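Asks: Okay, handing you the structure first.
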Amino acid sequence: GNSVTQMEGPVTLSEEAFLTINCTYTATGYPSLFWYVQYPGEGLQLLLKATKADDKGSNKGFEATYRKETTSFHLEKGSVQVSDSAVYFCALPFSGGYNKLIFGAGTRLAVHP
Amino acid sequence: GAVVSQHPSRVICKSGTSVKIECRSLDFQATTMFWYRQFPKQSLMLMATSNEGSKATYEQGVEKDKFLINHASLTLSTLTVTSAHPEDSSFYICSASSSGGNEQFFGPGTRLTVL
C-alpha cells in the first residue's frame, strides 16, 4: 500500500533561514500529495498540495514539487519567520483511491528570532 | 474555505465515564467524516471513517464498541469514548470532505484528559 516517510525533527532555524523538510513516498499510481501544518494546540490546516507529477504546490511562501523520478515532495521556504514555527505533515491518500489520508510522522519546526 | 468545528475543545473526565465529541461542518455538506487521534509529539492515526447514514468503518486495532461514531446528518458526526480510561487521553481530531471532493477539512481538535 501507499506510504510516506518524512525527515525527523525537530528542525531549529534562525529567522530568514532557508527551510527544507524532506518527504518521500511509495504509491500505486500518482496520487495527490499534501503538506499540512499544525500550529500549537490546533488542528491541521492544508498548506499546499500537488495533484500530478511535476506540479508545484505553493502557499504562504512555501513550495513543494511533485517529483515522480525521486518519489519526493520536499517542502521548502526561502526565508522562514518565527510565525512558521509549527509541525508539518506530509500526506497522501491510502491506496485504492479512497479519501483516507496517510500522514508522515511530522516534523517540528522551531524558528528563533 | 470550508470550516469544520469541534466541541468541546477540551474535556476532563473521570475514569469510567463516557465523553461525546461533536464534529460539525459549518458551510458545506460532509458526506464523509474521519476521526483521528494524536498522541503528544506523534502523527495522526486514523481511527475510523464515517459516511452519512451508514455505519462507521474502523481501522484495524480500533475498538468499535469503545469509540462509538455516529454520522446522522450531513453536517454532524459524533465520537463517544465509552468508559474512558487514562490511556484514552489524547488529542482527537475530525476532518470532513464533501461528495466527490478529495480534500479533507480539519477541525481544531479536542483534547481529552481522563483522570
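The values are calculated or read from the model by the stated rules, or taken from the named source; none is laboratory data. Being a predicted model, the structure only gives us computed values, none of them experimental. Here the Cβ is made from the backbone with ideal geometry for all residues, glycine too, and neighbour counts use every protein chain on show.
Asks: What's the total number of residues in segment A:38-53 that are within 17 Å of B:Ser5 (Cα to Cα) and modelled with pLDDT of 90 or more?
Replies: 4
Asks: Now a separate question. So if I check each of A:Glu16, A:Glu42, which one is on the phi < 0 side of the Ramachandran plot and out of contact with any helix residue (DSSP H, G or I) (no Cβ under 9 Å at 6 or more places or on another chain)?
Replies: Working: A:Glu16 fails: on the phi < 0 side of the Ramachandran plot.
Selected residue: A:Glu42, the only one of A:Glu16, A:Glu42 that is on the phi < 0 side of the Ramachandran plot and out of contact with any helix residue (DSSP H, G or I) (no Cβ under 9 Å at 6 or more places or on another chain).
Asks: While we're looking at this one, here's another question. Test of understanding: among B:Thr31, B:Thr49, B:Thr75, B:Thr80, which residue is β-branched (Val, Ile, Thr) and over 16 Å from B:Val4 (Cβ atoms)? Reasoning before the result, please.
Replies: Values: B:Thr31 fails: over 16 Å from B:Val4 (Cβ atoms); B:Thr49 fails: over 16 Å from B:Val4 (Cβ atoms); B:Thr75 fails: over 16 Å from B:Val4 (Cβ atoms).
After applying the criteria, what remains is B:Thr80.
Asks: Also, I was wondering about something else. What's the number of the only condition in (1) modelled with pLDDT of 95 or more; (2) closer than 30 Å to A:Arg108 by Cα; (3) assigned to a loop (DSSP other than H, G, I, E, B) that B:Thr17 fails to meet?
Replies: (2)
Asks: Shifting gears a bit: Please indicate, with yes or no, whether at least one residue in segment A:14-27 is among the charged types (D, E, K, R), over 23 Å from B:Ser97 (Cα atoms), at pLDDT below 95 and in contact with a strand residue (DSSP E or B) (Cβ under 8 Å, 6 or more places away or on another chain). Show your work before the answer.
Replies: Going through segment A:14-27, the residues among the charged types (D, E, K, R) turn out to be A:15-16.
Right, trim to over 23 Å from B:Ser97 (Cα atoms) and you get A:15-16.
From what's left, at pLDDT below 95: none.
No, that holds for no residue.
Asks: Can you pull out every residue in segment B:54-81 that is free of Cβ contacts under 8 Å to residues at least 24 places away in the same chain, away from every other protein chain (no Cβ under 14 Å) and either among the acidic types (Asp, Glu) or closer than 28 Å to A:Leu92 by Cβ (or both)? Can you show your working first?
Replies: First, the residues of segment B:54-81 that are free of Cβ contacts under 8 Å to residues at least 24 places away in the same chain: B:54-66, B:68, B:70, B:72-73.
Subsequent filtering for residues that are away from every other protein chain (no Cβ under 14 Å) retains B:54-55, B:61, B:63-66, B:68, B:70, B:72-73.
Residues satisfying the conditions are B:Ser54, B:Lys55, B:Gly61, B:Glu63, B:Lys64, B:Asp65.
Asks: Does A:Val80 meet the test of being more than 9 Å from every other protein chain (Cβ to nearest Cβ), touching a residue at least 12 places away in the same chain (Cβ under 8 Å), among the hydrophobic types (A, V, I, L, M, F, W, C) and not in a strand (DSSP E or B)?
Replies: On the way: more than 9 Å from every other protein chain (Cβ to nearest Cβ): yes; touching a residue at least 12 places away in the same chain (Cβ under 8 Å): yes; among the hydrophobic types (A, V, I, L, M, F, W, C): yes; not in a strand (DSSP E or B): yes.
Against the criterion (more than 9 Å from every other protein chain (Cβ to nearest Cβ), touching a residue at least 12 places away in the same chain (Cβ under 8 Å), among the hydrophobic types (A, V, I, L, M, F, W, C) and not in a strand (DSSP E or B)), A:Val80 qualifies.
Asks: Has segment B:7-26 got at least one residue that is of a type in the set (A, V, I, L, M, F, W, C), closer than 18 Å to A:Gln45 by Cα and either more than 11 Å from every other protein chain (Cβ to nearest Cβ) or surrounded by 13 or more Cβ atoms within 10 Å (Cβ to Cβ) (or both)? Walk me through how you get there before you give the answer.
Replies: Within segment B:7-26, the subset of a type in the set (A, V, I, L, M, F, W, C) is B:11-13, B:19, B:21, B:23, B:26.
Those still in the list that are closer than 18 Å to A:Gln45 by Cα too: B:23, B:26.
Filter once more, so that each one left must be either more than 11 Å from every other protein chain (Cβ to nearest Cβ) or surrounded by 13 or more Cβ atoms within 10 Å (Cβ to Cβ) (or both): B:23, B:26.
Yes: one or more hits.
Asks: Got at least one residue in segment B:86-93 being surrounded by 20 or more Cβ atoms within 10 Å (Cβ to Cβ), within 11 Å of chain A (Cβ to nearest Cβ), under 30 Å from A:Tyr88 (Cβ atoms) and among the aliphatic types (A, V, I, L, M)?
Replies: yes
Asks: Also, quick follow-up: Could you look through segment A:23-63, keep only residues that are touching a residue at least 60 places away in the same chain (Cβ under 8 Å), assigned to a loop (DSSP other than H, G, I, E, B) and polar (S, T, N, Q), and pick out the one that is nearest to the other protein chains (Cβ to nearest Cβ)?
Replies: Within segment A:23-63, the first condition is being touching a residue at least 60 places away in the same chain (Cβ under 8 Å), and the residues that meet it are A:23, A:25, A:27-28, A:31-32, A:34, A:36, A:38.
Those still in the list that are assigned to a loop (DSSP other than H, G, I, E, B) too: A:27-28, A:31-32.
Checking the rest, the ones that are also polar (S, T, N, Q) come to A:28, A:32.
Numbers: A:Thr28: 16, A:Ser32: 6 Å.
Per the criteria, the residue is A:Ser32.
Asks: Can you pull out every residue in segment A:84-112 that is modelled with pLDDT of 95 or more and out of contact with any Phe, Trp or Tyr (no Cβ under 9 Å at 6 or more places or on another chain)?
Replies: Once the filter is applied, which keeps residues that are modelled with pLDDT of 95 or more and out of contact with any Phe, Trp or Tyr (no Cβ under 9 Å at 6 or more places or on another chain), segment A:84-112 yields A:Ala110, A:Val111, A:His112.
Asks: Could you pull out the residue among A:Glu8, A:Glu16, A:Glu69 that is within 15 Å of the chain's Cα centre (by Cα), in a loop (DSSP other than H, G, I, E, B) and surrounded by fewer than 15 Cβ atoms within 10 Å (Cβ to Cβ)?
Replies: Details: A:Glu16 fails: within 15 Å of the chain's Cα centre (by Cα); A:Glu69 fails: within 15 Å of the chain's Cα centre (by Cα).
Only one candidate passes the filter, namely A:Glu8.
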